[in-house]
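The values are calculated or read from the model by the stated rules, or taken from the named source; none is laboratory data. Because the structure is predicted, anything quoted here is derived from the model rather than measured. Ideal geometry is used to build each Cβ from the backbone, glycine not excepted, and the neighbour counts take in all protein chains shown.
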Amino acid sequence: MAKIVILGLGMQGKAALFYLLNNCPGAQIVVVDNGPEFDRDVDRYLSDTVSGCRIDASDEMELAPIIEDADVVMDALPGSFALYIAKLAARMGVNLVSAMYYLNPAERDPIKIKKIREELYNINIDARETGAIVLSEFGFDPGIDLVMGKKALSEVDVVEEFYSYGAGLPAPEAANNPLKYKFSWSVIGVMRAYLRPAWIISKGQVVNIESKNIFAGENVHLLQLDELPTALECYPNGNSVYYAELFGIKNTVRETARFACRWPGHCAFWEVMSKSGFLDDRPIDVEDTLIPPIDFTATLLGSQKQFRYNEDEKDMTLIRIDVRGSLLGKKKRVVYQLIDWRDLNTGFTSMQRTAGFTMGLGARLIMGGRLNKAGLLTPLDVPYDLVVKGLEKHGIHITRREFPWE
């Protein structure tokens with residue numbers, strides 16, 4: 001009988017558990033956490049096949065005996081645990097799925113980058129020697145976006161332009177606050193994403209966009225989709241050069257960029273906030289107390305109900321891959337797109353579905369022998385068709401359209 005260990009029963013962990021219960025009947029599932037609400041949350045799922053275990057996951061002496069005989073471990077803990085869990089799994093020969101970055105594309109400190117690359121190299125070596133599959137970045141973004149990107153790029157033999165869009169935002173009817181935005185994940189995580197600069201390739205050259213300018217009008221464009229009533233604002237998001245390198249197009253593509261999307265008005269607001277210091281991470285003195293402005297901003301917004309989803313409100317997620325180039329000398333443009341909405345029957349937000357279900361799918365593919373290459377893997381190692389079929393079972397669909405392009 002298969003044994004699966006889920007580390008963490010937060011939003012992502014709950015969705016992953018739901019996926020496994022519906023797709024891996026009979027598997028023994030052990031849920032591990034140490035949060036204040038864990039006992040209450042896990043009680044909803046306890047059964048002959050589901051058990052809970054309260055331990056300190058940062059203590060290897062406590063964690064190792066739990067995972068040593070697991071067929072697969074799913075890491076749904078905060079990102080600070082990611083590398084530690086990966087190193088432990090690789091060393092012990094235990095299969096692992098994680099939606100986390102092991103090397104954040106936004107990291108610019110060369111010393112940190114070198115250190116993490118060395119750690120990843122050793123994880124890969126350990127995993128190969130012990131026969132473990134360590135599948136990283138297998139969630140929504142990163143995750144599905146990379147699988148879709150690789151598929152779209154396979155349809156051309158010369159890539160001239162590559163654009164990637166990602167979004168998690170309220171459904172139109174739920175965008176009913178001054179920001180037209182609600183948090184379905186970590187508030188401080190969103191704020192920190194607003195703090196980081198972006199890198200794109202334009203006219204074949206790497207261009208750096210400072211964090212205070214990512215929301216500026218000259219860097220924002222509108223995207224009109226048939227499925228939505230109004231256009232989305234799209235601003236540059238993260239390190240597109242890193243992804244161009246992953247896809248093997250860095251030295252040949254003329255234009256490439258990754259964009260995040262929001263409802264109109266969002267970018268103008270955050271341009272003012274950013275340039276006014278509300279996203280700075282250097283603490284300031286407030287009546288003899290040192291407070292980073294970004295922490296204040298995140299706490300203020302996160303404490304208000306208007307920026308959280310009600311039980312009857314939907315969120316939506318979007319991934320759009322737009323590739324332009326040629327095939328056998330003929331111009332070609334192909335667009336792969338995913339739009340998903342919250343399922344009010346289960347209560348899972350679309351962000352939970354696309355991240356947690358994808359993690360669960362990764363675990364099932366490993367247990368079913370569909371991924372059998374030991375070592376440190378990424379979504380680029382997972383066949384597109386397996387991902388599409390696995391997600392469609394839960395109503396998450398990817399479409400493909402081809403457009404004329406001159």
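I'd like the full set of residues that are crowded, with 18+ Cβ neighbours inside 10 Å and modelled with pLDDT under 95, limited to region 57-75. Lay out the reasoning, then the answer.
Within region 57-75, the subset crowded, with 18+ Cβ neighbours inside 10 Å is 57, 63, 67, 70, 72-75.
Once the filter is applied, which keeps residues that are crowded, with 18+ Cβ neighbours inside 10 Å and modelled with pLDDT under 95, region 57-75 yields only Ala57.
Just to be sure before I move on: is Ile201 at pLDDT 95 or above and not in a loop (DSSP other than H, G, I, E, B) in the structure I sent?
It is true that Ile201 is at pLDDT 95 or above and not in a loop (DSSP other than H, G, I, E, B).
Which of the residues spanning region 104-133 are of a type in the set (Gly, Ala, Ser), modelled with pLDDT of 95 or more and buried (at least 17 other Cβ atoms within 10 Å of the Cβ)?
Hits for region 104-133 are Ala127, Ala132.
Just to verify a result, which residue in region 204-226, among those that are of a type in the set (A, V, I, L, M, F, W, C) and not in a strand (DSSP E or B), is surrounded by the most Cβ atoms within 10 Å (Cβ to Cβ)?
By that ranking, first place goes to Ile214.
When you scan region 7-29, do you find a residue that is touching a residue at least 12 places away in the same chain (Cβ under 8 Å), more than 25 Å from Gly395 (Cα to Cα) and touching a Lys or Arg at 6+ places or on another chain (Cβ under 7 Å), even just one?
The answer is yes, given that some residue of region 7-29 is touching a residue at least 12 places away in the same chain (Cβ under 8 Å), more than 25 Å from Gly395 (Cα to Cα) and touching a Lys or Arg at 6+ places or on another chain (Cβ under 7 Å).
Picking from Ser136, Ser164, which residue would you name as being of a type in the set (S, T, N, Q), surrounded by 20 or more Cβ atoms within 10 Å (Cβ to Cβ), under 27 Å from Leu361 (Cβ atoms) and not assigned by TED's automatic domain parsing to the domain that holds Glu227?
None of the others qualify; the one that does is Ser136.
Considering only residues that are surrounded by fewer than 22 Cβ atoms within 10 Å (Cβ to Cβ) and farther than 30 Å from Ala171 by Cα, which ones fall in region 323-338?
Ser326, Leu327, Leu328, Gly329, Lys330, Lys331, Lys332
If you go through region 239-253 one residue at a time, do you hit one that is touching an Asp or Glu at 6+ places or on another chain (Cβ under 8 Å) and either in the same structural domain as Pro170 (by TED's automatic domain parsing) or touching a residue at least 40 places away in the same chain (Cβ under 8 Å) (or both)?
yes
Rundown of residues vs (1) farther than 25 Å from Leu169 by Cβ; (2) acidic (Asp, Glu); (3) part of a helix (DSSP H, G or I), yes/no style:
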{"position": "Thr354", "(1), (2), (3)": "no, no, yes"}
{"position": "Phe357", "(1), (2), (3)": "no, no, yes"}
{"position": "Leu361", "(1), (2), (3)": "no, no, yes"}
{"position": "Leu365", "(1), (2), (3)": "yes, no, yes"}
{"position": "Leu371", "(1), (2), (3)": "yes, no, no"}
{"position": "Leu376", "(1), (2), (3)": "yes, no, no"}
{"position": "Leu380", "(1), (2), (3)": "yes, no, yes"}
{"position": "Val387", "(1), (2), (3)": "no, no, yes"}
{"position": "Gly390", "(1), (2), (3)": "no, no, yes"}
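When residues of region 56-67 are filtered for being assigned to a loop (DSSP other than H, G, I, E, B) and touching a residue at least 24 places away in the same chain (Cβ under 8 Å), how many remain?
2
Hey, any hits in region 309-322 for a residue that's at pLDDT 95 or above, among the aromatic types (Phe, Trp, Tyr), buried (at least 16 other Cβ atoms within 10 Å of the Cβ) and not in a loop (DSSP other than H, G, I, E, B)?
No.
Spot the failing condition for Ile125; the list is (1) hydrophobic (A, V, I, L, M, F, W, C); (2) in the same structural domain as Met100 (by TED's automatic domain parsing); (3) in contact with a strand residue (DSSP E or B) (Cβ under 7 Å, 6 or more places away or on another chain), and only one is missed.
(3)
Residues being assigned to a helix (DSSP H, G or I) and either over 28 Å from Trp199 (Cα atoms) or not acidic (Asp, Glu) (or both): count how many of those fall in region 89-137.
Here is the first cut: in region 89-137, the ones assigned to a helix (DSSP H, G or I) are 89-92, 110-130.
Among the residues that remain, those that are also either over 28 Å from Trp199 (Cα atoms) or not acidic (Asp, Glu) (or both) are: 89-92, 110-117, 120-130.
Of the residues in region 89-137, 23 are assigned to a helix (DSSP H, G or I) and either over 28 Å from Trp199 (Cα atoms) or not acidic (Asp, Glu) (or both).
Please verify whether region 358-370 includes one or more residues that are under 16 Å from Gly143 (Cβ atoms), among the β-branched types (Val, Ile, Thr), modelled with pLDDT of 95 or more and over 15 Å from the mean Cα position of the chain (by Cα).
Yes: region 358-370 contains one or more residues that are under 16 Å from Gly143 (Cβ atoms), among the β-branched types (Val, Ile, Thr), modelled with pLDDT of 95 or more and over 15 Å from the mean Cα position of the chain (by Cα).
Among what's in region 151-179 and is over 13 Å from Gln337 (Cα atoms) and part of a helix (DSSP H, G or I), pick the residue that is nearest to the chain's Cα centre (by Cα).
Taking the candidates together, the pick is Leu153.
Select from region 276-293 the residues that are assigned to a helix (DSSP H, G or I) and modelled with pLDDT under 95 and list them in ascending order.
Result: no residue meets the conditions.
Quick one: in region 68-85, of everything that is part of a helix (DSSP H, G or I) and closer than 25 Å to Leu21 by Cβ, which residue is farthest from the chain's Cα centre (by Cα)? Even if it seems obvious, please write down each step before you answer.
Keep residues of region 68-85 that are part of a helix (DSSP H, G or I), which gives 79-85.
From the residues that got through so far, the ones that are closer than 25 Å to Leu21 by Cβ too are 81-82, 85.
Working: Phe81: 16, Ala82: 13, Ile85: 18 Å.
Going through the qualifying residues, I end up with Ile85.
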